[in-house]
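Asker: First the structure, which I've put down as structure tokens, then a few questions once you've had a look.
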Amino acid sequence: MSTRLANQGRLIDRSKQVTFSFNGTSMQGYEGDTLASALLANDQMMMGRSFKYHRPRGVVASGAEEPNALVGLGQGNRFEPNQRATTTELFNGLTSISQNHWPNLEFDIGSINTHLSRFLPAGFYYKMFIHPKPFWKHVYEPFIRQSAGLGKAPDKDNRDADTYEHFYHFTDVLVIGGGVAGLQAAKVAAASGAKVMLIEQTAHWGGRAPVDGGTINDEPVDKFVEQLVSELEAMDNVTMRNRCMGAGVYDHGYVLGYERLTDHKPGTQGPRHRLWRIRAKQVVTATGAIERPLSFAGNDVPGVMLASAMRDYVVNWGVTPGDRVIVATNNDDAYRTAIILKQAGVEVLRIVDARTTAGPLADEARQLGIQVDPGKAIAKVKGGKRVKKVELCNQEGIGGAREEVECDAVAMSGGWSPVVHMWSHCGGKLIWDEAQAHFRPDPSRPPLGADGEGFVLAAGSSNGPLALGDVLTDADAAGKAAAKAAGFTAKRTKAPVGETTAEAPMAAVWLMPANAEIGLRMKSWLDFQNDVKVSDVQLAAREGYESVEHTKRYTTLGMATDQGKLSNINGLAILADALDSEIPKVGTTTFRPPYTPISLASIGGEARGEVFQPIRQTPMHNWHDKNGADWEPVGHWRRTYAYVRPGESVHDAVNREVKNTRENLGLLDASTLGKLIVKGPDAGKFLDMMYTNMMSTLKVGKCRYGLMCSENGFLIDDGVVARIDEDTWLCHTTTGGAERIHGHMEEWLQTEWWDWKVYVANVTEQYAQVAVVGPNARKVLEKLNAQAGGGMDVSKEALPFMEWRDGKIGAFDARAYRISFSGELSYEIAVPASQGQAFWDALMDAGKEFGVMPYGTECLHILRAEKGFIMIGDETDGTVIPQDLGLHWALSKKKEDYLGKRAHTRSHMADPDRWKLVGLETVDGSVLPDGAYAVGEGVNANGQRNMIGRVTSTYYSANLGKGIAMGLIKHGPDRMGEIVEFPGTDGKTYKAKIVDPIFYDKDGEKQNV
Amino acid sequence: MSEPISALNHASFEGIAKVEECGLQGMITLRGDLSDKALAKAVKDATGQKMPGQREAFVEGESGVCWMSSDELLVLVPYAEVDAKLAAMTKTLSGTHSLAVNVSDARAVFRVSGTSAREVLGKIAPVELSAEAFQPGQIRRSRLAQIAGAFWMDDTETFRVVCFRSAADYAFNLLKVAAQPGSEVGIY
Amino acid sequence: MLILNCPYCGVDAEETELAAGGEAHLKRYGPGSSDDEFHDYLFMRENPKGVHFERWRHANGCGKWFHAARATDTLEVFGTYSAQTTEPPQEIREAITAKRPGWTWREFE
């Protein structure tokens, strides 16, 4: 059984007991435990079930690479699935549940899959779920959905209780990884005077070197680490963060650091995770190496563990995964595990070494009384929910002549793979190291930065060297090289001297035994989480998958949440063998960030709740909110769709506003309309290029409606332009268009006509603008003026249609434009934004006797549609030209040039078959569905009805008592009176008559009074 | 005239830094050739300050001038004086190709102060804010999370932050989240 | 995520402050141009793997457009320069030649 040892445990504090729960059972651990070590201490070997076959699984690793021990952590609004028990620090009150089983972990219905495994080979889903097609939606999809997903998604009603943030950081050198290599690299880089940041994913500095033993400068490794950490902490130019993982390395020295601030103390004030957005001149990756499993039958049974992990559990947490252990290896390093276990009082039955010769560590093991079996292999591990016995055989051969040994844990080591993720994320290339049987960074092909030079250096075991002495020398050199590349001069210092027992060469062992028969290969796991076995990869190769990327997707090898940290090298070695190729030729799959999964919320950072997205507010926003506003998003603006009164539906409110504005007086908050000042001696010439119509001839004091096209000829914006003085114009844009059109103007001024004397300023938000609309519009303004004892003359004579004046309206400094988007008598009045609310209040107050009501954007739309006025974004969609909308009158024939003019002469633009704007009226008075397509005679090549047009705007007009619409119809203006069919998505076909788009007051008498 | 009201009417919040909406600030956007003597005179007359160089901000209290781009300045004057100052500026600049326009009401201004003020800004702007990299006398136009903004330092622990008025509510809430208690980064 | 130096305000701006504006040094063809000329002006681009000239705008910053010379394959930046020019300046071309001898782009080399 797995149990807590009486001694060992350098990271735990035995005086501080911690209570936690697993699947509802209360358990005890110590401060400093991980959830995994605490579960092992409680003899909880089995921690979850695998994804495909629901096989019992225990912890196999001790860190970020763990594929099996995934749990759901926390409760309610702090529940989170798929968390690795090995990287979860234990705290009092931690609650955890295991995953992927029903009804419970011990007894699971889904585990029947393991008995069906011969029917669930690689590519099963592709083969099984392809025929017959009618099954796709109602049989296969529900089945696949049912079995998809590992942990349980958090309850949707429980919003995450925590907060998250980003932080932008800039440094000369960033060192990723706080083991001895990272610490040493950081120290020598910092000694040069460079600004250094050092990040470490765990809570502890020193990495795994203190566990592996040896000495540095004749002192124990722990002591060296302690000293280095205090030296670094004392340096002003060094920033150190533990619990902060290097998540990804990106172009131009951009690195994401994922800091877990309160995961180990939930509910603490402040953000839970902080995403560091780091810019570094140089990046040193000191990310260590990960031990590889060995591929033998039953290597997934709980109790089979990486040799290094077993060592970690003993040394770091004082826990042994078993009482009687067998060690299987192809290298000397695993002997350390045997020795440490033995010294801790655990029985080590055998060391099964696939090689025939081992180094001095083997002698040490023998001296401790451990039996060493050279040239041997594990044929099979027996046991269901935990290891019961092991069958041993010769490494050479197919696995016959087995010897059975009873035991309860197996330590395995297939050699070490450098963690090359950070090196590879941004394009660093790898080379195959035959001696160590691993890929390591190729220093001649690093990721390239903005200057075209390498910006990442690998240090320590992530660069290949595995022996302590080599690791320190390599890291020392990398730190100095990084400082130099960042523009500093490294001090001439000696690298610390690390000493460990020398090791004999390892031997590549990709399968145990070397020619294992199929029965064994079908139980030899490569990818524990996704249940990919040696036989699956071999099958993929037989079925023609030669590319490692294709094999990955076909078998799902390395596609689980651990992204194949344990399985990828073993898997591609099996693939290379099956293809009769070499490992470096097969190559690796792409290493993509993040290194381990990071919380989505940390990526979102502060962007949640009320700051999820900016919501732009006009000066009268709060008034609208208090007065029944039903909000409509327009870009980032919020505009009132309608002001809904108690007891009224939104539709009722819109109809009331529509009628009242035509009959009495309506107020619209038009502050969101863009307002651009264009000034200079060449401003007129410039606006003549920007607009399709002539703006240079506009008289001071007058307004003109203008159209803007892109160089491609398509409509991009419209609005009223007012000439303010001899060289100043004010251009209104659409609500969504202010920034875009401002940018458009600046682009042409800065990049094409930079010698033209024109300045543009965006003054959109300087003003609150109110449209005062309806037959009583003039009366309310006159009343305000009368109340204040004077003001602007707003009579027809003094302020005619399409003119503007500056002056006082009541007590307010105002600019009044006689423009109308409704066809009614209308003034758009701009006052300083800081007085917008007061002005609105004054109008509402004075308007009472004239039947004033505020109106929203839907009313605005209906009023303009009744008048046949187009709306950018409704009648236009980026493919519509003014000619399509019958706006020929706004295209200047006098001007030699304007943006879009040349494009309008292209053959397709002048095509008489283009769809053209018309009005549409349903035969029965109903409202046409928005966006519906009109169908004509015949069918297209796909057998679909030919389309001849579409609805662009459609409303119920309370004034006319029927549905009205506009649309673009092929040859529309020539087909007045014809009936066109519009199939709806509701299955009905709507019939509408083509009519003039002006439905109301065709002669425009109402606006010109 | 009614009493003018700023976007958030002096709202404030106290966390790892103090966040306050400053109320109304007179502001003039001035575009022109920054090497033109008439522009220099206009700036001097309005603020008493000399022409700022690239990314410089010379601000004292409610008066000052900030370099916004190679042909644009932001001139700060007390809100009550903006009309008079603008009129004087326009007069000085008559005959010089330039654009001077009142944008006081188009903006919101915040003060972020305290020992962690640099960190608050460092959470929302992709800008190096260490004492070596950014100091009083400089202005930076950048991004405040999802909106455009500009900031300068009044002293070593105080920022003034400017954004569009319509985004004031977002900016204030954003600064509040960035300044939430317990969120010190421990860098600056 | 790229960093480009804005030649107007001097800031080393990261990509989130910038807006990409497509290929640089397009010659505008207006009324009177042939269909082919106008078509090429609107649609035809170099789209090279290697040395390229682009337009960028410091959108969340000083608002100015500028030009960047960079490599699309390695993302190396050779330099940024004023938007008010119809061709890459000599010092930019020399900087590219120093790193990529024999480069060509449209009529430039």
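Asker: Inside the stretch A:962-997, can you point out the residues that are among the hydroxyl-bearing types (Ser, Thr, Tyr) and surrounded by fewer than 18 Cβ atoms within 10 Å (Cβ to Cβ)?
Answerer: Hits for the stretch A:962-997 are A:Thr985, A:Thr989.
Asker: Looking at B:Glu3, B:Glu56, B:Glu21, which is the one that is open to solvent by less than 30 Å² (accessible area, probe 1.4 Å), among the acidic types (Asp, Glu) and closer than 30 Å to B:Tyr170 by Cβ?
Answerer: Details: B:Glu3 fails: open to solvent by less than 30 Å² (accessible area, probe 1.4 Å); B:Glu56 fails: open to solvent by less than 30 Å² (accessible area, probe 1.4 Å).
Unique residue meeting the criteria: B:Glu21.
Asker: Kindly indicate which of A:Pro646, A:Pro584 is away from every other protein chain (no Cβ under 13 Å) and under 30 Å from A:Ile176 (Cβ atoms).
Answerer: A:Pro584
Asker: Just checking, which of A:Gly267, A:Gly214 is touching a helix residue (DSSP H, G or I) at 6+ places or on another chain (Cβ under 6 Å) and open to solvent by 20 Å² or more (accessible area, probe 1.4 Å)?
Answerer: A:Gly214
Asker: Something else about it: Is it fair to say A:Ala890 is within 22 Å of A:Ser696 (Cα to Cα) and more than 14 Å from chain C (Cβ to nearest Cβ)?
Answerer: yes
Asker: Name the residue that is least open to solvent (accessible area, probe 1.4 Å), counting only residues in the stretch B:150-169 that are charged (D, E, K, R) and part of a strand (DSSP E or B).
Answerer: Looking at the filtered set, the residue picked out is B:Arg160.
Asker: Also: Please state which one of A:Ile872, A:Ile862 is more than 14 Å from every other protein chain (Cβ to nearest Cβ), on the phi < 0 side of the Ramachandran plot and assigned to a loop (DSSP other than H, G, I, E, B).
Answerer: The unique qualifying residue is A:Ile872.
Asker: While we're looking at this one, here's another question. Can you go through A:Gly823, A:Gly856 and tell me which one is over 42 Å from the mean Cα position of the chain (by Cα) and of a type outside the set (A, V, I, L, M)?
Answerer: Checking each option against the conditions leaves just A:Gly823.
Asker: Turning to a different aspect of this structure: Those residues that are closer than 14 Å to C:Cys6 by Cα and hydrophobic (A, V, I, L, M, F, W, C), I need them from the stretch C:64-82; list them, please.
Answerer: Residues satisfying the conditions are C:Trp65, C:Phe66, C:Ala68, C:Ala69, C:Val77, C:Phe78.
Asker: Okay, next question. Residues to consider are A:Asn942, A:Asn959; find the one that is of a type in the set (S, T, N, Q) and loosely packed, with under 13 Cβ neighbours inside 10 Å. Write out each step before concluding.
Answerer: Numbers: A:Asn959 fails: loosely packed, with under 13 Cβ neighbours inside 10 Å.
Sole residue among the options that is of a type in the set (S, T, N, Q) and loosely packed, with under 13 Cβ neighbours inside 10 Å: A:Asn942.
Asker: Related question: Somewhere in the stretch B:31-49, is a residue crowded, with 19+ Cβ neighbours inside 10 Å, within 11 Å of another protein chain (Cβ to nearest Cβ) and either of a type in the set (Ser, Thr, Tyr) or part of a loop (DSSP other than H, G, I, E, B) (or both)?
Answerer: yes
Asker: I would also like to ask the following. Of a type outside the set (Val, Ile, Thr), buried (at least 18 other Cβ atoms within 10 Å of the Cβ) and more than 10 Å from every other protein chain (Cβ to nearest Cβ): is that true of B:Ala84 in this structure?
Answerer: Against the criterion (of a type outside the set (Val, Ile, Thr), buried (at least 18 other Cβ atoms within 10 Å of the Cβ) and more than 10 Å from every other protein chain (Cβ to nearest Cβ)), B:Ala84 does not qualify.
Asker: Return yes when A:Gly931 is out of contact with any Pro (no Cβ under 7 Å at 6 or more places or on another chain), in a strand (DSSP E or B), in contact (Cβ under 8 Å) with a residue 12 or more places away in the chain and surrounded by fewer than 21 Cβ atoms within 10 Å (Cβ to Cβ) and no when it is not.
Answerer: no
Asker: Still on this structure, please answer the following. From the residues in the stretch B:131-188 that are facing another protein chain (nearest Cβ under 8 Å) and on the phi > 0 side of the Ramachandran plot, which one is farthest from the chain's Cα centre (by Cα)?
Answerer: B:Gly182
Asker: Restricting attention to the stretch A:708-724, does a residue exist that is touching a residue at least 24 places away in the same chain (Cβ under 8 Å), in a strand (DSSP E or B) and of a type in the set (Phe, Trp, Tyr)?
Answerer: Taking the stretch A:708-724 first, the residues touching a residue at least 24 places away in the same chain (Cβ under 8 Å) are A:708-724.
Narrowing the set further to residues that are in a strand (DSSP E or B) leaves A:708-709, A:715-724.
Imposing the further condition that a residue be of a type in the set (Phe, Trp, Tyr) reduces the set to none.
Checked the stretch A:708-724: no residue is touching a residue at least 24 places away in the same chain (Cβ under 8 Å), in a strand (DSSP E or B) and of a type in the set (Phe, Trp, Tyr).
Asker: With the checklist (1) more than 14 Å from chain B (Cβ to nearest Cβ); (2) in a strand (DSSP E or B); (3) open to solvent by 10 Å² or more (accessible area, probe 1.4 Å) in hand, flag the one item A:Thr239 doesn't pass.
Answerer: (1)
Conditions (1) within 14 Å of chain C (Cβ to nearest Cβ); (2) touching a Leu at 6+ places or on another chain (Cβ under 6 Å); (3) over 26 Å from A:His166 (Cα atoms); (4) not acidic (Asp, Glu), marked per residue:
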site	(1), (2), (3), (4)
A:Ala190	no, no, no, yes
A:Gly193	no, no, yes, yes
A:Val225	no, no, yes, yes
A:Ser230	no, no, yes, yes
A:Gly248	yes, yes, no, yes
A:Tyr254	yes, no, no, yes
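Asker: Please state which of the following conditions A:Glu937 fails to meet, knowing it meets all the rest: (1) surrounded by fewer than 15 Cβ atoms within 10 Å (Cβ to Cβ); (2) assigned to a loop (DSSP other than H, G, I, E, B).
Answerer: All conditions are met except number (2).
Asker: Can you pull out the residues in the stretch C:36-54 that are open to solvent by 40 Å² or more (accessible area, probe 1.4 Å) and either outside any helix (DSSP H, G or I) or more than 11 Å from every other protein chain (Cβ to nearest Cβ) (or both)?
Answerer: Result: C:Asp36, C:Asp40, C:Met44, C:Arg45, C:Glu46, C:Asn47, C:Lys49.
Asker: Oh, and also: Can we say B:Val77 is more than 14 Å from chain C (Cβ to nearest Cβ) and in contact (Cβ under 8 Å) with a residue 60 or more places away in the chain? Even if it seems obvious, please write down each step before you answer.
Answerer: Details: more than 14 Å from chain C (Cβ to nearest Cβ): yes; in contact (Cβ under 8 Å) with a residue 60 or more places away in the chain: no.
No.
Asker: Something else about it: Only one of (1) assigned to a strand (DSSP E or B); (2) open to solvent by 10 Å² or more (accessible area, probe 1.4 Å); (3) not charged (D, E, K, R) is not met by B:Phe172, so which one is it?
Answerer: The one condition B:Phe172 does not meet is (1).
Asker: Checking A:Leu687 against (1) closer than 25 Å to A:Asn776 by Cβ; (2) more than 14 Å from chain B (Cβ to nearest Cβ): exactly one of these is not met. Which one?
Answerer: (1)
Asker: Pick out the one residue from A:Lys783, A:Lys779, A:Lys796 that is in a loop (DSSP other than H, G, I, E, B), open to solvent by 20 Å² or more (accessible area, probe 1.4 Å) and farther than 25 Å from B:Val82 by Cβ.
Answerer: A:Lys796 is the lone residue from the list that is in a loop (DSSP other than H, G, I, E, B), open to solvent by 20 Å² or more (accessible area, probe 1.4 Å) and farther than 25 Å from B:Val82 by Cβ.
Asker: Can you pull out the residues in the stretch A:644-681 that are open to solvent by less than 10 Å² (accessible area, probe 1.4 Å), under 40 Å from the mean Cα position of the chain (by Cα) and of a type in the set (Ser, Thr, Tyr)?
Answerer: A:Ser671, A:Thr672, listed by residue number.
Asker: A follow-up question, please. Select from the stretch A:819-833 the residues that are within 14 Å of another protein chain (Cβ to nearest Cβ) and open to solvent by less than 10 Å² (accessible area, probe 1.4 Å) and write down the one among them that is nearest to A:Lys702 (Cα to Cα).
Answerer: The selected residue is A:Ala830.
Here is a yes/no grid of residues against (1) within 40 Å of the chain's Cα centre (by Cα); (2) modelled with pLDDT under 95; (3) farther than 23 Å from A:Gly868 by Cβ:
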position	(1), (2), (3)
A:Thr879	yes, no, no
A:Asp884	no, no, no
A:Gly919	no, no, no
A:Thr922	no, no, no
A:Glu937	no, yes, yes
A:Ile948	no, no, no
A:Ser953	yes, no, no
A:Gly963	no, no, no
A:Asp974	no, no, no
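The values are calculated or read from the model by the stated rules, or taken from the named source; none is laboratory data. Worth saying up front: this structure is predicted, and the values here are computed from it rather than measured. As a convention, Cβ positions derive from the backbone with ideal geometry for all residues, glycine included, and neighbour counts pool all protein chains shown. Note: accessible area is taken over every heavy atom of the protein model, side chains too, but ligands, DNA and RNA are not part of it. Shrake-Rupley method; radii C 1.70, N 1.55, O 1.52, S 1.80 Å.
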